[in-house]
Ligand code: BT5
């Protein structure tokens, strides 16, 4: 089968100690998050990565479909942090910050972070993060941090019509293909660096950098809770240290919204 990822290049020159020490590659899986969970269940160590060229059942939050055509970067990292379950949300911020910074550094793109788990370029989603946790009591056994970057494909050809207005890819914005192996390694290096910052200095520096790329703060937004459920409208004021969005509602009251089954629409 022809491959778009040069497997032998995935670890070549990789400057990490933990992230990507063990890498499992497949041409096609259902979901790299599912695969990584299976690997975690058989004791794959901290930092192990599962990566695939395509996913037949790529997932977003609440089992929403994540389209994963060939040419994208679809991978999941297993982490075994000594966090409380409620703290694992920090890893979502860490991952989306890593993607935004890497896209800025490698391709000079004005990548933005959008609460809770997206990276945007030109106001369109180029990356989504899916963090799944296995807990036993109050202990986190492992976290699977799934990252999907729309890279080397044209969204008008590969994604369904309803996503063409809201999604983009690196190929669409750069007008060329990128080296997936280079992007992958730069991302793992950035994640490991930010992970060290998180362990040594706590969440504040991560959150502050993340907020620095979050242009939706100060904007009018709509937050949808529970899919078809409640809709809140207001101004996105801030993100607090629990990762919650602070909203000022139309009546002037303040509401904290926790990361969960939520989506946020920015009114530009
Ligand atoms: C996410 O969910 O954004 C998390 C996506 C995580 C994907 C990675 S790929 C590697 C790993 N393995 C997996 O199975 N998943 C992870 P959410 O915020 O729920 O957004 C999902 C929504 O994004 C969908 O309902 C669509 O509206 C939209 N969408 C689907 N595919 C897309 C794509 N390729 N690009 C942009 N938007 C997409």
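Each reported figure results from applying straightforward, stated rules to the coordinates on display, with no laboratory input. This is a predicted model, so every value here is computed, not measured. For neighbour counting, all protein chains shown are included, and Cβ atoms are generated from backbone atoms with ideal geometry for every residue, glycine included.
Among 156, 43, 240, the residue with the largest mean-square fluctuation in a Gaussian network model of the chain, with springs joining Cα atoms closer than 10 Å, is 43.
When each of 142, 107, 213 is scored by the number of other beta-carbon atoms lying within 10 Å, the sequence from fewest to most is 107, 213, 142. Each Cα pair of the stretch 1-74 feeds into the Kirkwood radius, which the Stokes-Einstein equation turns, at 37 °C and 0.692 mPa s, into a diffusion coefficient of 250 µm²/s. Result for the chain in a Gaussian network model with C-alpha springs under 10 Å: among 84, 177, 190, the largest mean-square fluctuation is at 84. Relative contact order of the stretch 194-246: 26 percent, from C-alpha pairs under 8 Å at least 6 residues apart in sequence. Taking all Cα-Cα distances within the stretch 91-176, those exceeding 20 Å account for 38%. Computed over the chain with a Gaussian network model linking Cα atoms closer than 10 Å, the most mobile of 241, 88, 54 is 241. When 26, 31, 253 are arranged by Cβ crowding within 10 Å, least crowded first, meaning fewest neighbours, the order is 253, 26, 31. Here the ratio of the Cα radius of gyration of the chain to 2.2 N^0.38 Å is 0.96. Can you say what percent of the DSSP beta bridges in the chain, counting only those with both residues inside, are antiparallel? Round to 5. Given both bridge residues lie in the chain, the antiparallel proportion sits at roughly 90 percent. As an equivalent ellipsoid, the stretch 191-268 spans semi-axes of 26, 13, 11 angstrom, where each value is the square root of five times an eigenvalue of the C-alpha gyration tensor, largest first. Centroid-to-centroid, using Cα positions, the stretch 166-209 and the stretch 27-104 are 13 Å apart. Fewest neighbouring Cβ atoms within 10 Å first, the residues 193, 210, 66, 74 line up as 193, 66, 210, 74.
Kirkwood Rh over alpha-carbon pairs of the stretch 142-187, then Stokes-Einstein at 4 °C and 1.567 mPa s: what D in µm² s⁻¹, rounded to an integer? So the translational diffusion coefficient is about 109 µm²/s.
Using the C-alpha gyration tensor of the stretch 99-241, what are the square roots of 5 times its eigenvalues, in whole angstrom, with the largest one first?
Equivalent-ellipsoid dimensions as semi-axes: 25, 22, 17 Å.
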